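Below is one structure, written out as structure tokens; the observations come after it.
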Amino acid sequence: EQLRAWRRSFWDVWVGCSGIEAGAPETTSGGRVEVQAMLLPLRRFPVALAGVVVAWFMCKPTLAETFPWNVSRDAPVDNLLPDFDCYAVEEAEDIFDTLTLLAHSIAHYAREGTASTTGNDGDDVVWLNYSNRLFSVPTWFDGECPLGFLALQTGRWAACRLGGDALLPRCLEHRFWMGGTLDKQAKDIGLRVNTYFLVFLNSRWVWKLVDLLKGLRNAAATVAKKVDPAAFVRRAFDSCRTHTEAEGSGWPWPDLLTEVTVQDVTHISLDTMAMHDIRMKLTECSLGFLSMTLIRLLIFAKSMTEEVVGLAHLAASSVVFVDDLLFDLQLDWCDTICVLALTAWPVVTLLGRVVSGVQWRKGFEDHHYQHKPYKMDFHAHELVKRPPEVRALAERSALDPDALALALAAEGRQRPSAVGRGVLRALQASLLARPEQAGPGRMVFVTMVYGARLSKYIPGALRRADAFDLLPQWLLFCLDEDALASCRASHAFPELCVAGDTETTVSKFAIIAFIVHSGFGALYLDFDLVLLQDPRPAVLRAAQEAELVLSKDFGSECINIGVTYLKSHPDSADWMQRLLIWMWHHPYEFCQKAFAGLMGLEDLSRYEVFGSPVGRVPRRTFLDPLNQFVTSTVYSREAQGWTGDMEGIVIYHFLDGIGGVDENQAVQGKYVNLYDLFYDNLALNLSDTSRPLWVQDPLIQQHLLWSRQPAPPTKEHICAFVEHAAWPSWKWKQRQEVLRSLGPVAEPSLRRLLTVSK
């Protein structure tokens with residue numbers, strides 16, 4: 001009892017440390033006896049006070065994210081990019097498939113009234129078979145695949161509770177505390193529960209849990225008769241009433257329940273007071289508060305992502321809170337799954353939508369290129385290295401061509417991944433074709449491409465690269481058969497067509513990290529751009545005083561990683577693997593913002609609470625965004641475009657990464673396929689550099705001039721997706737502190753920020 005009192009007082013300070021007003025009274029009002037009103041009694045005040053004091057001193061280290069940036073000498077490097085989805089774990093695929101079949105059976109049961117899809121077996125036999133299979137999973141699975149274990153426990157609960165009397169003893173032994181399990185698993189692998197919750201939302205296993213819970217909710221009438229005949233969940237968790245501000249939070253819970261169940265989106269959840277009086281709101285209506293938090297998480301994951309870590313903390317802590325309430329009652333039959341399956345609050349529906357948002361999906365199979373699955377084409381140890389290996393990169397990048405070729409050949413004999421072996425062969429082929437490259441200036445070009453739509457433009461893109469004699473250095477990372485076949489048929493050096501498999505934006509960061517660790521600089525170029533001049537002189541000139549060189553917007557501080565050069569240097573290699581590790585644990589973030597955030601140019605969370613991920617940033621500089629490395633105008637004439645002379649343009653980035661535009665936001669109000677204009681245009685001779693492309697085809701001149709601005713921007717806009725007026729106060733303060741920490745290089749940005757804040 002005292003331990004739980006300490007835990008609850010600690011939780012109050014935990015919330016307070018988040019910068020969110022807890023505001024909960026220590027006594028109930030109005031004589032409420034519902035389960036939600038079990039607050040900390042005043043007779044426990046001495047114990048609670050002790051918890052508050054301890055929590056206060058432990059506040060920041062408790063909430064700060066703890067994912068590892070590097071490993072100890074004896075720990076495996078693969079721990080830095082864990083196999084969260086358990087692709088390498090024995091029995092994981094069989095369990096995953098069994099849970100998929102169970103979810104189908106429950107859905108069939110809810111829809112047709114029977115679990116048997118063949119009609120050969122009775123329902124009790126179907127549930128018994130599932131239960132026997134799931135309860136026979138070895139005990140080691142929990143430690144080897146913790147996220148899979150969460151889905152497994154949900155499946156065990158479903159099969160057990162839906163089964164007949166024969167399963168009753170097993171049911172009574174199996175109670176699943178989801179929040180407590182999340183919390184324990186996070187601690188076991190060294191993560192905070194907020195980070196672990198985000199990892200869980202990005203896993204393949206969360207879909208099994210959501211599908212199972214959706215099936216149980218659809219069969220709620222039958223489930224309720226078996227596990228909650230007295231309608232305890234509805235009475236204790238759904239009958240939330242509005243309290244006046246004198247006796248409670250004053251929050252309109254019945255209105256919120258109506259809105260989220262009917263509209264599934266609510267303005268109430270975005271009220272500025274939604275995150276005040278958190279403890280009070282939890283005790284009044286814990287599932288209502290959880291629903292509200294999930295809605296905010298869904299919205300902020302696509303807008304102000306700086307708030308996502310904090311909201312994940314609140315969501316996970318809310319589930320733990322529900323666990324505590326149920327545990328206090330010592331019920332034999334009701335646990336977290338029981339509540340989530342039977343409540344009127346659409347927690348499961350909202351969770352499914354949040355998962356789709358975090359995973360950048362429209363469905364399980366249909367995903368956006370920003371989706372970041374927990375699998376890669378490389379071994380983790382090929383992308384992240386121990387500190388001594390990173391420091392040794394200074395010597396490796398200075399090797400002469402013969403010595404470096406021997407080193408690459410030796411690595412090829414050390415059982416690399418299939419893609420890693422392909423990259424090593426490509427680097428060897430490039431080195432053989434260009435032996436004059438030596439020292440820090442040694443580089444390869446890298447472009448990632450996949451899909452039938454883009455693959456047909458590969459021949460044109462390679463002809464243009466060949467016009468500037470770049471093919472011996474141009475590595476094409478082909479993520480499907482269409483791209484690979486087109487590349488091998490068109491590339492003068494087919495060894496530089498590297499086959500990959502994982503169609504995600506993270507793949508480009510992975511191959512850059514591999515190349516940099518191999519002793520080559522990597523100049524990454526998006527596929528949706530066209531060369532108007534050889535970019536090597538400008539890039540290498542900029543790299544004389546920097547390890548990281550990249551492009552940016554015409555009229556804002558936003559970076560553009562469509563043209564990015566990383567020198568093979570310890571600082572850039574360490575920074576790149578830090579980026580990979582951070583995105584592995586924060587998959588919801590747009591990759592370009594994550595890139596800028598690790599440079600200190602944008603905010604990724606509330607650092608005073610959750611810790612800053614910004615470590616040692618390599619020396620960096622920007623390529624000329626006004627007249628040399630420029631973009632087309634798609635969404636903003638203030639932020640995009642170029643100025644000056646067409647003869648000055650080196651690379652024209654025409655910003656067509658997804659094959660479409662938001663017609664309501666696009667300047668032209670429609671999608672224009674510029675791949676056809678540049679790479680499938682019979683009027684052009686892409687191999688001819690003596691006649692500029694705009695001379696060869698007047699339509700190109702017309703397009704370039706349409707994106708041309710009359711003069712450089714008079715001011716640079718601060719990079720922000722959300723209007724400055726909507727920034728919380730902590731963000732203004734944090735931006736200033738981070739920019740000051742970056743030193744003189746960030747002084748222009750700091751001055752602009754201070755001007756806007758005034």
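The values are calculated or read from the model by the stated rules, or taken from the named source; none is laboratory data. The model shown is predicted, which means the values in this text are computed figures rather than measured ones. So basically every Cβ, Gly included, is an ideal-geometry build from the backbone, and we count neighbours across all protein chains shown. Surface accessibility is based on the protein's heavy atoms, side chains included, excluding ligands, DNA and RNA. Shrake-Rupley method; radii C 1.70, N 1.55, O 1.52, S 1.80 Å.
Points worth noting:
- Close pairs from segment 536-549: first more than 17 Å from V516 (Cα to Cα), partner among the charged types (D, E, K, R) and not in a strand (DSSP E or B), Cβ under 8 Å, at least 6 apart: A538/D624; E545/R619
- Residue in segment 104-121 that is touching a Ser or Thr at 6+ places or on another chain (Cβ under 9 Å), open to solvent by less than 20 Å² (accessible area, probe 1.4 Å), modelled with pLDDT of 90 or more and over 24 Å from L326 (Cα atoms) present: yes
- Some residue of segment 591-606 being part of a helix (DSSP H, G or I), of a type in the set (A, V, I, L, M) and open to solvent by 10 Å² or more (accessible area, probe 1.4 Å): no
- Here D553 passes the criteria (1) in contact with a Leu (Cβ under 9 Å, 6 or more places away or on another chain); (2) in contact (Cβ under 8 Å) with a residue 60 or more places away in the chain; (3) open to solvent by 20 Å² or more (accessible area, probe 1.4 Å) except the one numbered (1).
- Residue identified as of a type in the set (S, T, N, Q) and open to solvent by 10 Å² or more (accessible area, probe 1.4 Å) among S286, S291, S356, S318: S356
- Those helices (runs of 4 or more DSSP H) of segment 443-543 in which at least 3 residues are open to solvent by less than 20 Å² (accessible area, probe 1.4 Å) and under 27 Å from W694 (Cα atoms), considering only elements entirely within it, cover 458-467.
- Residue in segment 705-722 that is more than 24 Å from Y671 (Cα to Cα), among the hydroxyl-bearing types (S, T, Y) and not in a helix (DSSP H, G or I) present: yes
- Taking segment 424-442 as the range and being part of a helix (DSSP H, G or I) and among the charged types (D, E, K, R) as the test, only R425 passes.
- Within segment 122-173, tally of residues that are over 28 Å from the mean Cα position of the chain (by Cα), touching a residue at least 24 places away in the same chain (Cβ under 8 Å) and part of a loop (DSSP other than H, G, I, E, B): 4
- The residues of segment 174-213 that are more than 19 Å from A315 (Cα to Cα) and assigned to a helix (DSSP H, G or I), listed by number, are D188, K208, D211, L212.
- Of the numbered criteria (1) at pLDDT 95 or above; (2) open to solvent by less than 70 Å² (accessible area, probe 1.4 Å); (3) within 19 Å of N627 (Cα to Cα); (4) out of contact with any helix residue (DSSP H, G or I) (no Cβ under 7 Å at 6 or more places or on another chain), the one W694 fails is (4).
- Residue tally, condition part of a helix (DSSP H, G or I), out of contact with any Lys or Arg (no Cβ under 8 Å at 6 or more places or on another chain) and either small (G, A, S) or modelled with pLDDT under 95 (or both), over segment 554-577: 1
- Any hit, segment 640-650, residues being assigned to a loop (DSSP other than H, G, I, E, B), among the β-branched types (V, I, T) and surrounded by fewer than 17 Cβ atoms within 10 Å (Cβ to Cβ): no
- Search result, residues across segment 390-423 that are free of Cβ contacts under 8 Å to residues at least 24 places away in the same chain, under 32 Å from the mean Cα position of the chain (by Cα) and either crowded, with 19+ Cβ neighbours inside 10 Å or outside any loop (DSSP other than H, G, I, E, B) (or both): G412, R421
- Taken together, P416, P440 contain a single residue that is more than 26 Å from L531 (Cα to Cα) and at pLDDT below 95, which is P416.
- Sole residue being modelled with pLDDT of 85 or more, among the hydrophobic types (A, V, I, L, M, F, W, C) and more than 30 Å from D83 (Cβ to Cβ), chosen from A219, A186, A246: A219
- Considering only residues in segment 252-273 that are at pLDDT 75 or above and either of a type in the set (S, T, Y) or touching a helix residue (DSSP H, G or I) at 6+ places or on another chain (Cβ under 6 Å) (or both), the one that is most open to solvent (accessible area, probe 1.4 Å) turns out to be T258.
Let's see how each residue does on (1) out of contact with any Ser or Thr (no Cβ under 9 Å at 6 or more places or on another chain); (2) in contact (Cβ under 8 Å) with a residue 24 or more places away in the chain; (3) in a loop (DSSP other than H, G, I, E, B):
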residue	(1), (2), (3)
W333	yes, yes, yes
I337	no, yes, no
A341	yes, yes, no
V348	yes, yes, no
R353	yes, yes, no
Q370	no, yes, yes
K375	no, yes, yes
E382	no, yes, no
